[in-house]
Amino acid sequence: MAAKPKKPPVAVEKLTETQAKVELVRLALEIERHNEAYYNEDAPKISDAAYDELRKRSDAIEARFPGLVTRDSPSQKVGAAPTGRFAKVPHTVPMLSLGNAFSDEDVTDFVDRVRRFLKLGDDEIPAIVAEPKIDGLSLSLRYEDGELVRGATRGDGFTGEDVTANVRTISDIPHKLKGRNSPAVCEIRGEVYMLKEDFLALNKRQAEAEDTIFANPRNSAAGSLRQKDASITASRPLKFFAYAWGEMSAMPAKTQHGMIDWIGKAGFVTNPLTTLCHDVEGLLKFYRDIEQKRASLDYDIDGVVYKVDRLDWQERLGFVSRSPRWAIAHKFAAEQATTVLNDIEIQVGRTGALTPVAKLAPVTVGGVVVQNATLHNEDYIKGIGNDGQPIRDGVDIRVGDTVVVQRAGDVIPQIVSVVLDKRPKSAKPYQFPTVCPACGSHAVREEDPKSGRPDSVRRCTNTLACPAQAKERLKHFVARNAFDIDGLGDKQIEEFFTDGLVMSPADIFTLEKRDARAQKKLADREGYGTTSVRNLFAAIDARRSIALHRFIFGLGIRHIGEGNAKLLARHYGTVEDFRAAMIAAGEGEETEAYRDLNGIEGVGTVVANALVEFFKEPHSVKAMDDLLKEITVQPAEKAKTDSPIAGKTVVFTGSLEKFTRDEAKATAERLGAKAAGSVSKKTDYVVAGPGAGSKLADAEKLGVKVLTEDEWLALVGGS
Ligand code: IVH
């Protein structure tokens, strides 16, 4: 059932005190729920604009009834309290939030407030630094005597989470400050974020491995930073802009821009668009310039930030509840638009997943024409989230509906709400197909082994013969991280598949031979010529020799992304051994082969079972063997199992002098060990160079064996 349209809220000026009290409690609960979803679950349930509306209303009610402000009021808090997964870190200087400006007038008011507070004369104009507001998550980095000792998230502003091991894997974050005169204690703050293109590529890899898909670059940065296993963070392309500081035992500059210059010299990346402005016109010009550039920037921003330049003035201005008086965020209008949902199209993916796509009446959202939006899955259309909880207030989406579209994090258009007033009487709840639109086979929702609930994805059961799946598998086979065949992309696969020229991977490698005998040559096809066909055959030939991990990834087995393919390649070494082991593992879970597979670090039961399923299917094995007749698979360098450190976990710390950290990690991995970022009970060795700090102390506390660089070299020597 669709929810009834909500009544518009009573104007703040008309509220009685009792009504105000009730509403403040309701708003506080609702804001808290959204804080939790945003900060702790990395899965916001409403748009930033809708969230800002809630806060604005709560602030406006409190402004009218100051006596109703309580300690639990959202205006007294920042973000959500830290989750229990990481150790807690108190911030000696709180990490506060920023007040918002939404209009030019709000900006003028801000500057006027600053001038009034400082009692500036008419001719005294406060210089103000303007910079983009990065849409990521804030981080505080503590350096003691120039060495990075701690990385912490904001948490609730007063206590954050210890993510030291994770931040050490981010290349924009120096482990040591540059220059000789760093203050003894120095906390640098800024934003962790992900480039838009890296976010899209990560989501593609995640989809291939059937892992979490992130809604936007911010969520993917937050999800990647807050990993218990730092090696996962290390594999994610996180970046960092430094723009502020916390505790400092000495101040290297007297102005905001002077501090930013110094932070840059100390080895951080600062935002190159940062500009020193001298009046409101300058600020507004900066805002409009950045708004224009927004779509073409490599990273997401959600506004700009203005900060009074003189630090002595910042100090005098101080803070009011949760935000500084000396700074303000000037937010961009949400990139939303209203349009009509003309149709819902079902696409069938490589693993048979039926994915609904909204076909919209074209509409411009933030300067880009949008005609398609993601609808994720069947439950999403019904108004149910992945966790079984209602989304969009439980309102379903129907063909014919007028919908509000938003470009989430600037990238993927999403439907944020349905305008129920405009729902046509004839609009019916959407019936998700239970048969595959491509082949007519049953499409089912398997049970999710983790939650016991039906999986959110409905899949076509005809894995082998479904033409849509076969075609998508071929697209995957030729993709960049698999066989990467130049001149053979999605478009060519579409054409060759439709014409029956390429129906399986092996067909790609017999194309030239078959073309020589064919009546109608490839070169005669529209859009082709002798040269392009010659180039295509050369590109195919160039891939007749292929690395084992690309081969395994190219097979398109469920749950086998690039990372798993590499693990398998390193474990089995050759395609012959891999093939034999997979077939043997199919004999049952008690077999040595199955146990060995399941025991590979990083391969769990889900992955092992997906492999076994694939190899149990004679048609898949035949398609693979046909391919193997045409190509040579290069062996991978096998992880050693007979080395003195095989299966051990090693942590490197301190400034290593005899080898680089990357070299040391590579050696460890080649010899079958795992290089970890932090010391725990599971650590076998800590290799400590000069200046080793907290990790060495942790090792000593836990009784973990500590090696010098020379002892490490002796241990692995000659291997
Ligand atoms: S300054 C005391 N500068 O916005 C204020 N914040 O709404 C210190 N943010 O928590 C923050 N870009 O996560 C500042 N250039 C920037 C920023 C920025 C993004 C975030 C930050 C902060 C939030 C406040």
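The values are calculated or read from the model by the stated rules, or taken from the named source; none is laboratory data. Model, not experiment: these values are computed from the prediction. Don't worry about glycine lacking a Cβ; one is built from the backbone with ideal geometry, like all the others, and counts go over all protein chains shown. Ligands, DNA and RNA are excluded from the accessible area calculation, which covers all protein heavy atoms including side chains. Shrake-Rupley method; radii C 1.70, N 1.55, O 1.52, S 1.80 Å.
Computed from the Kirkwood radius of its Cα pairs, the Stokes-Einstein diffusion coefficient for the range 634-683 at 10 °C and 1.306 mPa s stands at 137 µm²/s. Scanning residues 5 or more positions from residue 365 or on other chains, those with amide H under 5 Å from its amide H are 370, with H placed 1.01 Å from N in the peptide plane. For the range 369-430, the gyration tensor built on C-alpha atoms gives an oblate shape. Its axis ratio a/c (a ≥ b ≥ c) is at least 1.5, and a/b is not larger than b/c.
Each listed q (0.30 Å⁻¹) maps to a log10 I(q)/I(0) for the range 228-288 from the Debye sum over equal C-alpha point scatterers, namely -1.22. Each Lys or Arg adds one and each Asp or Glu takes one away; over the other residues whose Cβ falls under 15 Å from the Cβ of residue 401, this sums to +4.
Working note: Cα atoms of the range 141-255, range along each principal axis, descending, whole Å: 49, 28, 26.
Rounded if a/c is under 1.5, else prolate if a/b is larger than b/c, else oblate: which is the range 198-318, with a ≥ b ≥ c the root eigenvalues of its Cα gyration tensor? It is oblate, given that a/c is not under 1.5 and a/b is not larger than b/c. Peptides 492-504, 461-473, ordered by how many other C-beta atoms sit within 10 Å of their residues on average, highest first, read 461-473, 492-504. According to the calculation over all Cα-Cα pairs in the range 352-503, the P(r) per 10 Å bin from zero is 10, 29, 33, 24, 5, 0 %. Electrostatic bookkeeping for residue 380 treats Lys and Arg as +1 and Asp and Glu as -1; over the other residues with beta carbon under 10 Å from its beta carbon, the sum is -1. Measuring between their Cα centroids, the range 338-413 and the range 662-719 lie 49 Å from each other.
Here the dipole of the range 520-574 is about 100 debye; that uses its Cα centre as origin and unit charges on the Cβ of Lys and Arg (positive) and Asp and Glu (negative). Its residue count N sets the reference 2.2 N^0.38 Å, and the alpha-carbon radius of gyration of the range 574-719 equals 1.35 times that reference. Close amide H pairs (under 5 Å, H built 1.01 Å from N) link residue 648 with 674, residues at least 5 positions away or on another chain. The residue among 259, 667, 282 whose Cα reaches farthest toward the positive pole of the charge dipole of the chain, with charges on the beta-carbon of Lys, Arg, Asp and Glu, is 282. Ranking 559, 442 by solvent-accessible area of protein heavy atoms (1.4 Å probe, all protein chains present), from largest to smallest, gives 442, 559. Highest average first, the peptides 200-213, 145-158 ordered by how many other beta carbon atoms sit within 10 Å of their residues are 145-158, 200-213.
According to the square roots a ≥ b ≥ c of the eigenvalues of the Cα gyration tensor, what is the shape class of the range 254-321, taking rounded for a/c under 1.5, prolate for a/b larger than b/c otherwise, and oblate for the remainder? Oblate, since a/c reaches 1.5 and b/c is not below a/b. Rounded to the nearest 20, the size of the Cβ-charge dipole of the range 366-519 about its Cα centre is 400 debye, with Lys and Arg at +1 and Asp and Glu at -1. The solvent-accessible area of residue 712, taken with every protein chain present and a 1.4 Å probe, is close to 0 Å². Sequence-ordered 3J(HN,Hα) estimates for the range 513-527 from the Karplus curve with 6.51, -1.76 and 1.60 and θ = phi - 60° stand at 4, 5, 5, 4, 8, 6, 5, 8, 7, 4, 5, 8, 6, 4, x Hz, glycine and proline given as x.
The Kirkwood radius of the chain, taken over pairs of alpha-carbon atoms, gives through the Stokes-Einstein law at 25 °C and 0.890 mPa s a diffusion coefficient of 84 µm² s⁻¹. Sorted on the mean count of surrounding Cβ atoms within 10 Å across their residues, most packed first, peptides 165-177, 634-646 read 165-177, 634-646.
Dipole magnitude for the chain: about 560 debye, using +1 per Lys or Arg Cβ and -1 per Asp or Glu Cβ, origin at the Cα centre.
Distance between Cα centroids, the range 486-502 to the range 133-210: provide it in whole Å. First find each Cα centre; the distance between them is then 44 Å. Ordering 497, 510, 483 by Cα displacement along the dipole of the range 480-526 toward the positive end leaves 510 in first place; charges were set at the Cβ atoms of Lys, Arg (+1) and Asp, Glu (-1). Dividing the helix sum by the residues of the chain, where each DSSP H run of 4 or more adds -39500 (n - 2.57), gives a mean residue ellipticity at 222 nm of -10000 deg cm²/dmol.
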